[in-house]
Amino acid sequence: MKYVPSDHLLPGMISLKSIYNRRGVCLLGANHVLTPPIITQLCNQHYPGVFVYDEFPELGKMNPGFGEDWRISEVKAQHILNVDRVIFFATSVVESILHMEDRLLDMVELKEHKHDIYTHSVNVAMISTVCGIGMGLSDQELKELATTAMLHDIGKLAIPDEILNKPGKLNDDEMELMKSHSQLGATILDQTSALTNEMKKSILMHHENYDGSGYPTGAKGEEIPLYARIIHVADVYDAMIQKRSYKKPFNPLEVVEYLMGNAGIMFDIDVIYSFLRYVTIYPVGTMVTLSDGREARVVKNRPNQALRPVVVLKETKERVDLAEDRRYFNLTITGGECVFHEGDGLEPRGPVHMLA
Ligand SMILES: [Fe+2]
C-alpha cells in the first residue's frame, strides 16, 4: 500500500479505500482501477491523494500446498486488473526508447536494480523493444511487444516461492513445475480482451527454441510468433548478465558468444543481429583488456559496433576508436569487467542510462 498525491496518480493504479468529498459523496470506491477521467476529476476537485495498492504485490506468497487451479485464480484475483497498467507502462517504455537518439541500451542500466520477476520483466521489455526497432516493427507492434514482454513470466506468480528462489539446482519434478510457467501465464491471461491472440501465444511460446527443441509445444522457426522469438533472446540475455543465488553473472564476451553460437539453434538469427546492433556489450566505464595485453576503459559506444567501442588506454591516456582507427584494427577486446574506478585520470564514467 502507498499514498500517491492526485497529480502523481497513474492510470491502472488500484484504490485501496473508498474516498468521499466534503458532502459525503463517494468519489471513488475501494478496489477501483484508476482511469485518466477519474484522475482528472480528482485533480479538478483538488482531492489531495489516494491510497493505492503497490503496483506489483509481493510475489510468491501463495501456499504451495494448494492446487494449480487455486493458484491460477489467486493470481488472476491479485493481478489481472493490472493489465491496463502494464499496457500503459509498456507504452511509456516504447515511447521513451523511440525518443532516444541512437537507442543504445546499456547493460549497466539493466543490472542496477534488485533482480526479481518485475525488474526482469522491465529489462526484457526494454531489450525486446530495441530489438523490435531494429527489425522494423511499427509503433503499435512495439507497444504490443513490450506489453507481452512485461507479462511473459506472469505464470511464475503461480509457482511456489520455494521453487522460484531455491538456491540450488531444481530436481526433475521442480523443473517440470517451473517450466509450466509459460502455460500457466497463457491460462491466466486467456480471457483478457486487452491482449491479442498473437500476444497470448507469444507468452505461451517464449521458451520455444528456433530448432524446435524448446517448450512447451516444440514449435520451430516461424511457427513461433515473432514477439516470442524476440522475447526469448531478451529473456536469456537478461538472465545471463544477472547475478543469481546459484550463479555468478557471465561476462559480456561469454554472453555474446553464447547468443551468436546459438543463432539458428535456440534463437532467430535476425533477432540476434538486431540485438547486437542495439545492446551495448561493453557499457561506458567498463575496463577492458585488449588482445595485446593493454588495459583500457570504454568511453563511447555506437550502434552496429557493439564489439569495437571507443576506449582510453590506461597507460598513455590515448583515446582510441577501435572501429575507426586503422592502427588498432588488429586488436580485439579479450575481456571486460564492469568495475568503475573514479579519479584514475581516465575519462569519467558517462551516464549509466541508455545512451542518448
Ligand atoms: Fe519464462
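Checked against the criterion of being touching a residue at least 12 places away in the same chain (Cβ under 8 Å) and on the phi > 0 side of the Ramachandran plot, the candidates G214, G264 yield just one match: G264.
Screening Y118 on (1) farther than 17 Å from F89 by Cα; (2) out of contact with any helix residue (DSSP H, G or I) (no Cβ under 6 Å at 6 or more places or on another chain) shows it passes everything except condition (1). Of the residues making up the range 148-181, not one is closer than 18 Å to P225 by Cβ and more than 13 Å from the ligand (Cβ to nearest atom).
For the range 106-120, indicate whether the set of residues that are more than 13 Å from the ligand (Cβ to nearest atom), among the basic types (K, R) and modelled with pLDDT under 85 is non-empty. Yes: one or more hits.
Considering only residues that are within 12 Å of the ligand (Cβ to nearest atom) and either among the hydrophobic types (A, V, I, L, M, F, W, C) or surrounded by fewer than 18 Cβ atoms within 10 Å (Cβ to Cβ) (or both), which ones fall in the range 185-197?
The initial filter retains those residues of the range 185-197 that are within 12 Å of the ligand (Cβ to nearest atom), namely 185-186.
Residue satisfying the conditions is A186 alone.
Rundown of residues vs (1) within 16 Å of the ligand (Cβ to nearest atom); (2) surrounded by fewer than 21 Cβ atoms within 10 Å (Cβ to Cβ); (3) outside any helix (DSSP H, G or I), yes/no style:
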{"position": "Q183", "(1), (2), (3)": "yes, yes, no"}
{"position": "M199", "(1), (2), (3)": "yes, no, no"}
{"position": "I203", "(1), (2), (3)": "yes, no, no"}
{"position": "D211", "(1), (2), (3)": "no, yes, yes"}
{"position": "T217", "(1), (2), (3)": "yes, yes, yes"}
{"position": "A228", "(1), (2), (3)": "yes, no, no"}
{"position": "D235", "(1), (2), (3)": "yes, no, no"}
{"position": "P249", "(1), (2), (3)": "no, yes, yes"}
{"position": "E257", "(1), (2), (3)": "no, yes, no"}
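The values are calculated or read from the model by the stated rules, or taken from the named source; none is laboratory data. All of these numbers come straight from a predicted model, not from anything done at the bench. Positions of Cβ are backbone-derived with ideal geometry, glycine not excepted, and every protein chain shown enters the neighbour counts.
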